[in-house]
Amino acid sequence: MIVDSIINNAKAYLKGEIVDCCFAIEEGKIQKIGKETHMPKADQKIDLHHLLVIPGVIDSHVHLRDENKAYKETFQTGTAAAAAGGVTTVLDMPNNSPMTMSVETLRNRMQTAARRVLVNVGFYSEFPVDKQKIKAIAEEGAFGFKLFMAEQLGGLNVDDDQALREAFEATAQAEVPVAVHAEDHQLLKGAVEKSKLAHKNDMNAFLKAHSENVESASVERLLAINAQIEKMHLHVCHISTQKAVQAVAEAKRADKNVTCEVTPHHLLLTREDYEKAGTSALTMPPLRSRENVDALWKALNDGSIDTVGSDHAPHTLQEKDAATIWEVKVGVPGLETTLPLILTAVHKNRVTFSRVLEVLCEKPAEIFHLTDRGKLDEGKNADLTVVDFNAKFKIDVAGFKSKAKFSPFNKLEMQGKPVKTFVNGELVMDEGEIVVKPGSGLVIRRAHS
């Protein structure tokens, strides 16, 4: 047998240890993992010179923009950023223009993306106005439904518990998770209005409005509804407070179907960093206190937090530098920095390498039914990230593939760098350069049991 390619002189973390090995790739899948003497013949060989191979990183929280927001990011630039950061699969959030919230808008977005993407891309949907259409959207391939609790987006009234319950029941029947941005709408709205009336429009006013209680109150409310619905899967995005993490951990101990995500910026920055980074670091939920950051690390290491997602949120520089804090577009780009930031944390003994593979690869695959991805196993898709684990470099926003040329981590020294990215067996990124044409990636759909 002659396979498509052999990746040789590699190292990989297999069965709890780093071993020397080779990979045989055939028709986009890992056909064999073993010693070079046991490899079949191949059309091509790629020598990794003893660099480390990990499963392709899965980022289940990105905003790729495009369509009417293409001035911020396109499917091509966003997935180029993913490949540059060692990310082989991304799940795109639905707060787009037009909003992804129907079979038609989801299908159109998939068709547009198919011509431009460089990695695997799947999609969320917002909730439709008609809850009867949830099943059809799920069957079209949506990986989940996003619920933005901080304000009204999509067709679901976030202030109506009964409406939430009915929608969640429909997602349980459709066997798709609900990913939530957990900030209480009424508490937040009242705090923002109070600040505006007092003509307070600085960073302190923003932090006060987006208080810890705004997040924890929303999480606790959602957990209470989740507990009433059999088989409903609640996934809390970008969790940022100790109280919210503890509530999720308690729900897990009670065998509730709940998972949660943390971002690198909530793990690695505190509210004191706003003094240096300014609005480039402004996010929702905002950066928190050192006490909260320490609680997030503890939860990441003990398994209370399931995944790390970038919440890649590209904006123009002008949008990040508005006249008042309330006009600044929130969010930071993260596809190109997540893996280096987390590998650097391994070097600093903040997290183990095995735990990194769980939160960046295995758990996202498990939560979102990416059954052929997330592990280095024979028969799995050949989504591979090659890492120079000891390479030192500085983050440089000028070199980002993303249109968003800003980051609160700019100029920070890293140790651990993605140097090659294989997507479905094809080399997409090589030493920072994209080596394939737009459309080489795949639009993927959620698998249903």
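The single condition among (1) surrounded by 24 or more Cβ atoms within 10 Å (Cβ to Cβ); (2) in a loop (DSSP other than H, G, I, E, B) that Tyr71 does not satisfy is (1). Restricting the first member to the range 36-49 and to residues that are in the same structural domain as Phe422 (by TED's automatic domain parsing), and the second to residues that are assigned to a loop (DSSP other than H, G, I, E, B) and hydrophobic (A, V, I, L, M, F, W, C), the beta-carbon pairs closer than 6 Å and six or more apart or on different chains are Pro40/Met1. Within the range 16-41, the set of residues being farther than 19 Å from Met429 by Cα, aliphatic (A, V, I, L, M) and touching an Asp or Glu at 6+ places or on another chain (Cβ under 7 Å) comprises Ile33 only. Only residues that are farther than 21 Å from Val423 by Cα and touching a helix residue (DSSP H, G or I) at 6+ places or on another chain (Cβ under 8 Å): list them for the range 1-51, please. Selection gives Gly16 alone.
Quick check, is Met101 farther than 22 Å from Pro364 by Cβ, outside the structural domain of Val423 (by TED's automatic domain parsing) and buried (at least 24 other Cβ atoms within 10 Å of the Cβ)?
Values: farther than 22 Å from Pro364 by Cβ: yes; outside the structural domain of Val423 (by TED's automatic domain parsing): yes; buried (at least 24 other Cβ atoms within 10 Å of the Cβ): yes.
So Met101 passes the test.
Given Lys405, Lys375, Lys411, Lys401, which one is charged (D, E, K, R), on the phi > 0 side of the Ramachandran plot and part of a loop (DSSP other than H, G, I, E, B)? It would help to see each step written out before you state the result.
Values: Lys405 fails: on the phi > 0 side of the Ramachandran plot; Lys375 fails: on the phi > 0 side of the Ramachandran plot; Lys401 fails: on the phi > 0 side of the Ramachandran plot.
After applying the criteria, what remains is Lys411.
Taken over the range 400-449, the criterion of being modelled with pLDDT under 95 and either β-branched (Val, Ile, Thr) or buried (at least 17 other Cβ atoms within 10 Å of the Cβ) (or both) is satisfied by Arg446 alone.
Taking Leu207, is it surrounded by fewer than 23 Cβ atoms within 10 Å (Cβ to Cβ) and out of contact with any Phe, Trp or Tyr (no Cβ under 9 Å at 6 or more places or on another chain)? No; evaluated as a whole, the condition is false for this residue.
Conditions tested, residue by residue: (1) out of contact with any Cys (no Cβ under 8 Å at 6 or more places or on another chain); (2) under 20 Å from Cys361 (Cβ atoms); (3) free of Cβ contacts under 8 Å to residues at least 60 places away in the same chain.
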position	(1), (2), (3)
Val258	yes, no, yes
Leu267	yes, yes, no
Thr270	yes, no, yes
Tyr274	yes, no, no
Ala277	yes, no, no
Ala281	yes, no, no
Pro285	yes, no, no
Ser304	no, yes, yes
Val308	yes, yes, yes
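Within the range 290-322, the residues that satisfy the criterion of being surrounded by fewer than 20 Cβ atoms within 10 Å (Cβ to Cβ) and part of a loop (DSSP other than H, G, I, E, B) are Gly303, Thr316, Leu317, Gln318, Glu319, Lys320, Asp321, Ala322. Scanning the range 148-161 for residues that are modelled with pLDDT of 95 or more, acidic (Asp, Glu) and not in a helix (DSSP H, G or I) yields a count of 2. Restricting the first member to the range 58-86 and to residues that are on the phi < 0 side of the Ramachandran plot, and the second to residues that are aromatic (Phe, Trp, Tyr) and modelled with pLDDT of 95 or more, the beta-carbon pairs closer than 8 Å and six or more apart or on different chains are Ile58/Phe368; Ser60/Phe143; Ser60/Phe368; Leu64/Phe75; Ala81/Phe400; Ala84/Phe400.
Of the numbered criteria (1) in contact (Cβ under 8 Å) with a residue 40 or more places away in the chain; (2) assigned by TED's automatic domain parsing to the domain that holds Leu427; (3) over 20 Å from the mean Cα position of the chain (by Cα), the one Asp377 fails is (2). Within the range 279-289, the presence of at least one residue that is in contact with a His (Cβ under 9 Å, 6 or more places away or on another chain), among the small types (Gly, Ala, Ser) and either within 29 Å of Phe75 (Cβ to Cβ) or surrounded by 17 or more Cβ atoms within 10 Å (Cβ to Cβ) (or both) is confirmed.
Out of the residues in the range 1-39 meeting the condition of being of a type in the set (S, T, N, Q) and surrounded by 15 or more Cβ atoms within 10 Å (Cβ to Cβ), tell me which one is farthest from Asp388 (Cα to Cα). Show your work before the answer.
Here is the first cut: in the range 1-39, the residues of a type in the set (S, T, N, Q) are 5, 8-9, 31, 37.
Subsequent filtering for residues that are surrounded by 15 or more Cβ atoms within 10 Å (Cβ to Cβ) retains 5, 8-9, 31.
Numbers: Ser5: 21, Asn8: 15, Asn9: 13, Gln31: 24 Å.
Looking at the filtered set, the residue picked out is Gln31.
Among residues of the range 162-182 being in a helix (DSSP H, G or I) and touching a Phe, Trp or Tyr at 6+ places or on another chain (Cβ under 7 Å), the one that is nearest to Glu366 (Cα to Cα) is Thr171.
The values are calculated or read from the model by the stated rules, or taken from the named source; none is laboratory data. This one's a predicted model, so the numbers in the text were calculated from it and none came from an experiment. Here the Cβ is made from the backbone with ideal geometry for all residues, glycine too, and neighbour counts use every protein chain on show.
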